Amino acid sequence: MHTPATGPVADQIAIRLNELLSPSRLQVVNESHHHAGHMGDDGTGETHFAVAIESPRFAGLNRVARQRLVNQALADLLATRIHALSIKATAPGE
C-alpha cells in the first residue's frame, strides 16, 4: 500500500500540479525507497515518484499529451531533482 508522499520535492510536485492542472484527484507517491543505492539515487530519498492525477484538462487528450502537460508543469524538477516519474493521468469519468 502506498502512502501520500511528503517532503520538499513531493510538496512541490503537488503544489505545481494543483496550480496548473486543477485536478479533481491527485496522489503523489514517493517510491525512492525502492531505488535506494541505484542509479539516480542522490541520497535525499526524493528522486523517484509516481503520480496519479485526474483533471478536466485531460479530456480529449491522448496519453502522451496528458503526460506532456504533467512533465511541463514539473520541467525544472525533472531536470534537477526527480530522476524518475511514473504518471497515470485520467480525465473525470474515465
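Taking the listed residues 55, 32, the one that is at pLDDT 95 or above, surrounded by 16 or more Cβ atoms within 10 Å (Cβ to Cβ) and over 12 Å from the mean Cα position of the chain (by Cα) is 55, with no other qualifying. Is the stretch 64-78 home to any residue that is within 16 Å of residue 31 (Cα to Cα) and assigned to a strand (DSSP E or B)? Checking the stretch 64-78: not a single residue is within 16 Å of residue 31 (Cα to Cα) and assigned to a strand (DSSP E or B). Any idea which residue in the stretch 5-29 is surrounded by the fewest Cβ atoms within 10 Å (Cβ to Cβ), counting only those that are modelled with pLDDT of 75 or more and part of a loop (DSSP other than H, G, I, E, B)? Looking at the filtered set, the residue picked out is 22. Looking only at residues in the stretch 79-94 that are under 18 Å from residue 30 (Cβ atoms) and at pLDDT below 95, the one that is surrounded by the most Cβ atoms within 10 Å (Cβ to Cβ) is 82. Of everything in the stretch 42-63 that is in contact (Cβ under 8 Å) with a residue 40 or more places away in the chain and in a strand (DSSP E or B), the residue that is nearest to residue 25 (Cα to Cα) is 54.
The values are calculated or read from the model by the stated rules, or taken from the named source; none is laboratory data. All values derive from a computational prediction rather than experimental measurement. Cβ atoms come from the backbone with ideal geometry, glycine included; neighbour counts cover every protein chain shown.
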